[in-house]
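Just so it is clear, none of the values below were taken in a lab; they were calculated from the coordinates. Keep in mind the model is a prediction, meaning the values are calculated, not measured. Using ideal geometry, Cβ is built from the backbone for each residue, glycine included, and neighbour counts are taken over all protein chains shown.
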Amino acid sequence: MSLQSYETRVNRVTQFIYDHLDEALDLDRLADVAAMSRWHWHRVYAAMRGETVTAAVRRLRLQRAADLLANSADSIEEVARRSGYDNLQSFTRIFAEAYGMPPARYRKEGSHIAFNAAENGAPNEHYDVQIRPVPAMTLVTAPHTGSYMDVGQAFGRLFGRLAMLGLLADRTKMIGIYLDDPSAVAEDELRSLAGALIEGEVPADMASYETPARDYAVLRHKGPYSDMRPAYRWMFGTWLPQSGREAADAPVLEEYLNNPRDTSPAELLTDLYLPLA
């Protein structure tokens, strides 16, 4: 029960961070949310989540900023404000350190631009789609409702629980399951599942999701998660009509090949799985 209590409180802090990225998030305020000692609670969070609270807040704020820069027309000043940065110069410096270029340049030249190019204008490596037969999988899952960019909080709950049960291994696969079309469903109603492929049986108190054996069109994406929307538009709008195949009546999957907690955004690798009939 003690472990479950700590897990619940750490999850509560993570949820609060996601919900208040544009506000001041000092350690004392988050200690109140955690209902733990102000002297020690952040050590518990780091031990259970694998990164410090400060690093988590910084990473999630910059991830939100990258998403807004790639997928909205908000001004740089508004992006900075919505991402919790009141000082534009500080935001520009911190963003450039993490993403390799300042915000204005990222908006014009980030990897999301490759898929927004004219019909055949993107670099060839972005057109490397492989058709793979994928065996049936039983994934242990945690649900998420809301922006797909925030599914990380469900992965935090899932992997915290698996770690507590001793079910995490270096080869554990991280797989996201996206149940709705973001072009047809309001962002706050989007349904997704954080999933993991573990060895052995799914614990009795955890949910699972079955994916049948089928072919998938797989595109490997390198770069920030915020850049993947244009890749999906290209897969559905250009690759699929030219492929001679049809999409199956099933959700898309994403397999995350490295960890955003210890990988720079430019080096993140994600396999996008489009199910084929």
Between the residues Thr211, Ala142, Ala104, the Cα farthest towards the positive end of the dipole of the chain, that dipole coming from +1 and -1 charges on the beta-carbon of Lys, Arg, Asp and Glu, is from Ala104
Largest-first semi-axes in Å of the equivalent ellipsoid built from the Cα gyration tensor of the chain are 31, 27, 14
GluC sites (Glu not before Pro) in segment 173-277 lying in a DSSP loop, each with at most 11 other Cβ atoms within 10 Å of its Cβ, come to Glu199, Glu201, Glu246
Shape call for segment 2-109, from the Cα gyration tensor axes a ≥ b ≥ c (a/c under 1.5 means rounded, otherwise prolate when a/b beats b/c, else oblate), comes out prolate
Given unit charges at Cβ for Lys, Arg (+) and Asp, Glu (-), the dipole magnitude of segment 126-275 about its Cα centre in debye, nearest 20, is 280 debye
In debye to the nearest 20, the charge dipole size for the chain, taken about the Cα centre with +1 at each Lys and Arg Cβ and -1 at each Asp and Glu Cβ, equals 600 debye
Taking segment 1-63, the whole-percent share of alpha-carbon pairs separated by over 16 angstrom is 37 percent
Final fewest-first order of Trp39, Trp234 on the 10 Å Cβ neighbour count is Trp39, Trp234
